[in-house]
Amino acid sequence: MGTPTATDACGPATVAYLGQTTANTTCPGTYQLRRTWRATDACGNTTAVTQIIQVVDNTPPVFTSVPGPITINCTDPLPPLVNPTATDGCSTAHITFLGNTPSGSGCATDYTITRTWRADDLCGNSATATQVITVLAVPFGPGAGEERTRLSTDDEPLAVLHVYPNPTTDRLWLDLAGYSGEWAVVSVFNELGQLVWERRLASVEAWREQVSLREAGAAPGLYVVSVRTARGVLSRRVVLVE
């Protein structure tokens, strides 16, 4: 900290530092410092001067750990969500998960799912980080793209589950022709494994079942539709778009 100098026309002048105040604080890293000095001559006349220092935090948080890229098969469940960590030089960093962005769906071709997070500090600076999940295709065999969560028996093979359109903007049609006369539980789960919609059928009578994801409160993203019967569980990933 420097010290100002002063002169007086009639004699010497002494300079005294009066202290520092903080003003216009909008967040921990952005504020204004005011430093004040007073000059006094031999006759007691005084004058004051103030130095203004503007401190601004415009540096975003820094991610210190981010989940690395992962490769899975299209019949595998999505890996659990692991949040990254971040720090900030002037305040704390708050991390928000922004969601999954798939580049495709199904099992005919490879595609990626990008998970995105944003770190914000208390001054409004932000940074983003992503994790890329590569989904490998399984383009062969009947019912490719369906996940069998329990092996079928020779006498009771699992039916084929068709879900369309995929991607969809709202409504899905489920082809339940292979479950005629059976009890079934049809469920929709979001990317975090939370139940979004479910219907229990004592006996499948209609060969098609309609589901409105929007009416169930679903937001754009990746979902899993599953059908559970006495023979096992079949599931299919679907993408809800705007």
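Read-outs throughout are calculated quantities, based only on the coordinates presented, and are distinct from any laboratory measurement. A quick note: this is a predicted structure, and the numbers were derived from the prediction, not measured. Quick reminder, even Gly has a Cβ in these numbers, built from the backbone with ideal geometry, and neighbours come from all protein chains shown.
Across the range 226-232, in residue order, what do the Karplus-derived ³J(HN,Hα) couplings come to in whole Hz, using 6.51 cos²θ - 1.76 cosθ + 1.60 with θ = phi - 60° and x for Gly and Pro?
10, 10, 10, 9, 5, 8, x
Could you grab the Rg to Rh ratio for the range 1-73? Cα atoms only, Kirkwood for Rh.
1.45
Going by the alpha-carbon gyration tensor, a ≥ b ≥ c the square roots of its eigenvalues, is the range 147-240 rounded (a/c under 1.5) or, if a/c is not under 1.5, prolate (a/b greater than b/c) versus oblate?
Prolate, because a/c is 1.5 or more and a/b exceeds b/c.
Return the sequence-ordered ³J(HN,Hα) values of the range 11-20 in whole Hz as given by the Karplus equation 6.51 cos²θ - 1.76 cosθ + 1.60 applied to θ = phi - 60°, using x for Gly and Pro.
Whole-Hz 3J(HN,Hα) from phi for the range 11-20: x, x, 10, 9, 10, 10, 7, 9, x, 10.
So if each residue of separation counts as 0.36 nm, and I subtract the Cα-Cα distance between ASN45 and ALA230, what length gain in nm does that give?
Numbers: separation 185, 0.36 × 185 = 66.60 nm, distance 9.80 nm.
Using 0.36 nm per residue and subtracting the Cα-Cα distance, I get 56.8 nm.
What cysteines in the chain have no other cysteine with a beta carbon less than 4.7 Å from their beta carbon?
Those would be CYS10, CYS43, CYS90, since no other cysteine Cβ in the chain comes under 4.7 Å of theirs.
Quickly work out the THR71-to-VAL15 label distance, labels modelled 7 Å from Cα along the C-beta direction, and quote it in nm with one decimal.
6.8
If you take Rg and Dmax of the Cα atoms in Å from the coordinates, which of (1) 19.2, 65; (2) 19.1, 60; (3) 32.1, 114 do you get?
Here Rg and Dmax of the Cα atoms in Å agrees with entry (3).
Would you grab the residues whose amide H sits under 5 Å from the one on GLY99? Only those 5+ places off in sequence or on another chain, please, with H modelled 1.01 Å from N.
HN-HN under 5 Å from GLY99: THR116.
Any idea how far the Cα center of the range 160-224 sits from the one of the range 43-64, in Å?
Taking the Cα centre of the range 43-64 as reference, the centre of the range 160-224 is 61 Å away.
Could you give the size of the charge dipole of the chain about its Cα centre, using +1 on the Cβ of each K and R and -1 on the Cβ of each D and E, expressed in debye and rounded to the nearest 20? Could you put the intermediate results ahead of the total?
On the way: 16 positive and 22 negative charges, 83 e Å.
For this selection, approximately 400 debye.
So if the hydrodynamic radius of the range 62-136 is defined as the Kirkwood radius over C-alpha pairs, what does Stokes-Einstein give as its diffusion coefficient at 25 °C and 0.890 mPa s, in µm² per second?
Reported coefficient: 183 µm²/s.
Could you tell me which of GLN210, SER126, THR96 has its Cα farthest along the dipole of the chain towards the positive end, charges placed at Cβ (Lys, Arg +1; Asp, Glu -1), taken about the Cα centre?
SER126
Once the piece of chain linking ASP170 and THR36 is laid out straight, how much longer is it, given 0.36 nm per residue of separation minus the C-alpha distance between them?
In short, 41.8 nm is gained.
Can you compute 3J(HN,Hα) from phi for each residue in the range 49-64, using the Karplus curve 6.51 cos²θ - 1.76 cosθ + 1.60 with θ = phi - 60°, rounded to whole Hz and x for Gly and Pro?
Coupling constants for the range 49-64: 9, 10, 9, 10, 10, 9, 9, 10, 9, 10, 9, x, x, 10, 6, 9 Hz.
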